[in-house]
Amino acid sequence: MPHTSMAIGVDIGGTNLRAARISGTGEILERMAEKSAPDPELVLGRIVDMVRRLDTPEVTAIGVGVPGRVDARRGAVLSGGYVDLASVDLTERLEGMTGKPVAIDNDCNMALVAEMTLGAASGYENVVMFTIGTGIGGAVAQNRQILRGRATAGQLGHITVDMNGETCACGRRGCVETTSSGTALGRHIERAGLGPGISVDHLFDREAAGDGAARDILEAWAKPLRAAIDSAVAMFDPDLILLGGGLGRAARRALACAPALAPWYQCAVAPAGLGDDAGVIGAALQALKAKAATPSARRAVLVNGIPASGKSTVSRGIVDRVGWPLLSLDTVKNPFLEILGGADREFNRTLGRASYQAIWSIIAEAPAGSTFVVDAWFGFQPREVLEAHLLRAGVGQTVEIWCHAPGEALAERYRARLDQRPAGHPGAAYIPELIELAKRAEPLRRGPLLNVDTTKPIDFGAITAWLRSAMEG
């Protein structure tokens, strides 16, 4: 698929500045990096230079992940640590140079967006992320939405782990950033009398060989992080804790020196999957999403479910009540099957992909602000295909209605309509596969979600009320 939607993602760190041109599906097309610095004007100049070099006519938005406290709604940096950009108008400078909208947010929020879209948190609803680098960043997602509070929620590096600990850049004592960041690891190594060139991998090697000093360093680094993780689990009860940043994988490994003790607060802890690329990918995806979510953006009600799940009944019931146009995958595809004839299952799939693209092409041509009901089994293609179609079609908001029923009920429905469908659709031999699919199929969960058991009477009044509430919210 051609890269019709692109953005530039920028990730500002205490050690490195990274930028990349990213496709609408999260693919890195070109990347650059520079050294970071404590001087905000120097950092701004390097960012501007990288963005200028990466910019092309295909780029439609720019996203920037900034360390520290960021008000994403206002596009303002409130405060930072090693790199404090509160004194420079980053948004105005980049928008003025490129003429393109700029979205800024906390760098860890941006990384978590990428991990939930393409990385280790894909498919999870509630995720807490710590990024371990020069400092410690944090982000929280609830129901796949970044938790913001008044503006700057998620500053997990400032969870207190030692009331009498070292003074943090935030002005308080004993923040986990002062004990478990990359900078703190360097201090632990120095205090142990080891050389400044000792790497964390070398520490692991020495610890595995029985070196007590290396073990003590890793414990001093990991135990406060374990305490912060336990606090985050107590506060947010997530499905997953992610450790990202340049030292995320090392920190996850070091936690073996500080096992979880309190069973109330245990949660799966995993390394982030996208490594140092998470920040630039998330920044670009967030910029594209922000650009699409304008008052003139189109909206889509995704009526989702596997074959015979009752999607058509639900879709028609909705459009009869709200008047929005309905685009059904089978409605687009079936006339071609009837006219072309002789189709096997592989051709049916190919035609399905083409029909799917046609639906989003139709939506892209609709007036700004239009709302469509789209009836399809959205799991038949990779998630990134849908995301690319949504971006290209200018869809800024989706809500999902997940239609489902037990496998045997689906089989009975499918069997009853075999003689009503054109040649090319799978026949009776598909029924065992359909029953198995019913056991593992899942909704998209990319926005507000309503589950509808289609074996029960369908309350269309409740569905339409939910739709209007979800779209207004």
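Please turn the phi angles of region 216-225 into ³J(HN,Hα) values with the Karplus equation 6.51 cos²θ - 1.76 cosθ + 1.60 (θ = phi - 60°), one per residue in order, whole Hz, x for glycine and proline.
Values, residue by residue: 4, 4, 5, 5, 4, 6, 8, 4, x, 5 Hz.
When the distances between all Cα atoms of region 377-421 are binned every 5 Å from zero, what whole-number percent does each bin get?
Histogram of Cα-Cα distances, whole percents per bin: 5, 15, 16, 19, 13, 12, 14, 6.
Listed here are the pairs 35/100; 333/456; 333/439; 289/311; 291/456; 223/439; which of them are more than 32 Å apart at the Cα?
Working: 35/100 25 Å; 333/456 29 Å; 333/439 26 Å; 289/311 27 Å; 291/456 40 Å; 223/439 41 Å.
Violating the 32 Å Cα-Cα cut-off are 291/456; 223/439.
Project the alpha carbons of region 297-384 onto their principal axes and report the range along each, largest first, in whole Å.
Largest first, region 297-384 extends 39, 27, 27 Å along its Cα principal axes.
Rank the residues 410, 337, 444, 112 as a footprinting-exposure proxy: fewest other Cβ atoms within 10 Å of their Cβ go first.
444, 337, 410, 112
For region 249-363, what does the alpha-carbon gyration tensor say about shape, rounded, prolate or oblate, given a ≥ b ≥ c as the root eigenvalues, a/c under 1.5 as rounded, and a/b over b/c as prolate?
prolate
Name the long-range amide H neighbours of residue 135: under 5 Å, sequence gap of 5 or more, or other chain; modelled H, no Pro or chain starts.
For residue 135, whose amide H was placed from the backbone, the distant partners under 5 Å are 14, 182.
Just rank 289, 35, fewest to most, by other beta-carbon atoms within 10 angstrom.
By the 10 Å Cβ count, ascending, the order reads 35, 289.
So for each of 303-310, 386-393, 140-147 I average, over its residues, the number of other beta carbons within 10 Å; can you give me the resulting order with the highest mean first?
Packing order, densest peptide first, comes out as 303-310, 386-393, 140-147.
Using C-alpha positions alone, give me the convex hull volume of region 1-91 per residue in cubic angstrom. Intermediate values should be presented prior to the final figure.
Values: hull volume 8.4 nm³, N = 91.
Residue-normalised Cα hull volume stands at 93 Å³.
Quick check: the angle from helix 311-322's long axis to the longest principal axis of the chain, C-alpha only, nearest 10 degrees?
90
Report ³J(HN,Hα) in whole Hz for each residue of region 451-466, in order, from the Karplus equation J = 6.51 cos²θ - 1.76 cosθ + 1.60 where θ = phi - 60°; Gly and Pro get x.
With the stated coefficients, region 451-466 comes to 8, 10, 7, 7, 7, 10, x, 8, 8, 5, x, 5, 5, 5, 5, 5 Hz.
Tell me, 466, 264 in order of fewest to most beta-carbon neighbours within 10 Å?
264, 466
Only helical DSSP H runs with n ≥ 4 go in: add -39500 (n - 2.57) per run for the chain, normalise by residue count and round the 222 nm mean residue ellipticity to 500 deg cm²/dmol.
Only helices count here, giving -13000 deg cm²/dmol.
I need the phi-derived Karplus couplings for region 28-36: 6.51 cos²θ - 1.76 cosθ + 1.60, θ = phi - 60°, integer Hz, Gly and Pro marked x.
7, 9, 7, 9, 9, 8, 9, 6, 7
Let a ≥ b ≥ c be the square roots of the eigenvalues of the Cα gyration tensor of region 120-273; is it rounded (a/c under 1.5), or, if not, prolate (a/b larger than b/c) or oblate?
Prolate.
Dipole of the chain (Lys/Arg Cβ +1, Asp/Glu Cβ -1, origin at the Cα centre): which of 465, 66, 235 lies farthest to the positive side?
Checking the options against the dipole of the chain, the answer is 465.
Helix 431-440 sits at what angle to the longest principal axis of the chain, using alpha carbons and giving 0 to 90 degrees rounded to 10?
30
In square nanometres, what is the average projected area of the Cα convex hull of region 293-472?
The number I arrive at for region 293-472 is 10.1 nm².
Quick note: the coordinates plus some simple rules give every number you see, no bench work behind them. Just so it is clear, the model here is predicted, and its values are computed rather than measured. Backbone-built Cβ (ideal geometry, glycine too); neighbour counts: all protein chains shown.
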